[in-house]
Amino acid sequence: MSVPELVRNLRDPGIIDDELSVLRAVRPDGSVIATFCVYPCHPEVLDKDNTAVTADYAGHLCRDLEANAGGVAVFAVGALGGMMSPNTEVTTHAEAARFGSELAAAVGTALAGAASHADPAVAFARAEVLLALENPLYSLGMEMGLLPPVELRDGSVVTEVSVARIGPAMLASVPGELLPKLGLHLKSAMRAAGATLPIVVGLADDELGYLLPAEDFTFPEDYLNPGSQYEESFSVGPTGGPRVVEALEALIPAVATSSPNGSGSSAAP
């Protein structure tokens, strides 16, 4: 369901994905095992001046869900790149709690009208992907040991993507922070393959920074002072976003048509 009042796109205000996606597993007696929810918004109600260790609104959301419904609550971000941020100017713990509570209430609303599936078909596929590394800061950070070592092959970063199907839901797992323009494109592709609940799960298989559409990518003149090219300064390069989306689109048909409870894997060049 759409929850538009809580999120904004600071980079491109005209492109918004405000969809809250929810899956819940329950026992035969109706008791909750787990609630999985995805919302495309950085957990950053609290700003850079905050010194507390906190899960921000996501922590409040999960605590509210567990207190109200039982079971375990799990939160993931969607296509939050761009910069998809909380739509508030208040940067307090109380505001983070309010934000989380509003999302928890929206989860309840979404589930109230949701269909149940006693034995949903399950399928899974993954693919290895090579992304050209064109960010000098990433390369320097790895050389200095500031970034964890990653597998490189012919100058490209080796990463992976995956797609899962659980009944009418399809989840595309992204190795970074996909901009909503690409996230919305992926959701359309999943819907076209028959998914009634398409979900983009960000920061899933890896963390390669922002994944932008090629046409929106501009190399920063100064990576240490990128200005409006902030997202580009934390990106592997202009081909990262399109390559990830292409790899996911290639997996969708196999998952959509696979036999119940099947799984598979593949490798992409």
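The values are calculated or read from the model by the stated rules, or taken from the named source; none is laboratory data. Keep in mind that what you see is a predicted model, and the values were worked out from it rather than measured. Reconstructed Cβ throughout: ideal geometry from the backbone, glycine too, with neighbour counts over all protein chains shown.
Of all residues in segment 120-144, those that are crowded, with 16+ Cβ neighbours inside 10 Å have Cβ atoms under 9 Å from Cβ atoms of residues that are acidic (Asp, Glu) and not in a strand (DSSP E or B), 6 or more apart or on another chain, in Arg126/Asp205; Val129/Glu246; Leu130/Asp154; Asn135/Glu232. Considering only residues in segment 217-238 that are farther than 15 Å from Tyr138 by Cα and touching a helix residue (DSSP H, G or I) at 6+ places or on another chain (Cβ under 7 Å), the one that is surrounded by the most Cβ atoms within 10 Å (Cβ to Cβ) turns out to be Phe217. Residues that are under 20 Å from the mean Cα position of the chain (by Cα) and modelled with pLDDT of 95 or more: does segment 109-120 have at least one? No, there is no match, as no residue in segment 109-120 is under 20 Å from the mean Cα position of the chain (by Cα) and modelled with pLDDT of 95 or more. Does segment 1-15 include one or more residues that are in a loop (DSSP other than H, G, I, E, B), farther than 19 Å from Arg165 by Cα, touching a residue at least 24 places away in the same chain (Cβ under 8 Å) and basic (Lys, Arg)? Among the residues of segment 1-15, at least one is in a loop (DSSP other than H, G, I, E, B), farther than 19 Å from Arg165 by Cα, touching a residue at least 24 places away in the same chain (Cβ under 8 Å) and basic (Lys, Arg), which makes the answer yes. Among the candidates Asp154, Asp206, the residue that is of a type in the set (D, E, K, R), over 24 Å from Gly78 (Cα atoms) and not assigned by TED's automatic domain parsing to the domain that holds His42 is uniquely Asp154.
Out of all the residues in segment 169-190, is one or more out of contact with any Lys or Arg (no Cβ under 9 Å at 6 or more places or on another chain), assigned to a strand (DSSP E or B), farther than 16 Å from Glu246 by Cα and touching a residue at least 60 places away in the same chain (Cβ under 8 Å)? Within segment 169-190, one or more residues are out of contact with any Lys or Arg (no Cβ under 9 Å at 6 or more places or on another chain), assigned to a strand (DSSP E or B), farther than 16 Å from Glu246 by Cα and touching a residue at least 60 places away in the same chain (Cβ under 8 Å). When segment 88-105 is filtered for residues that are closer than 22 Å to Ala73 by Cβ and either of a type outside the set (S, T, N, Q) or in contact with a Cys (Cβ under 7 Å, 6 or more places away or on another chain) (or both), the ones remaining, listed by number, are His93, Ala94, Glu95, Ala96, Ala97, Arg98, Phe99, Gly100, Glu102, Leu103, Ala104, Ala105.
Identification of strands (runs of 3 or more DSSP E) wholly contained in segment 50-147 with 3 or more residues that are in the same structural domain as Leu197 (by TED's automatic domain parsing) and closer than 21 Å to Ala164 by Cβ yields 122-132. Residues in segment 210-269 that are at pLDDT below 95 and among the aliphatic types (A, V, I, L, M): Leu224, Ala254, Val255, Ala256, Ala267, Ala268.
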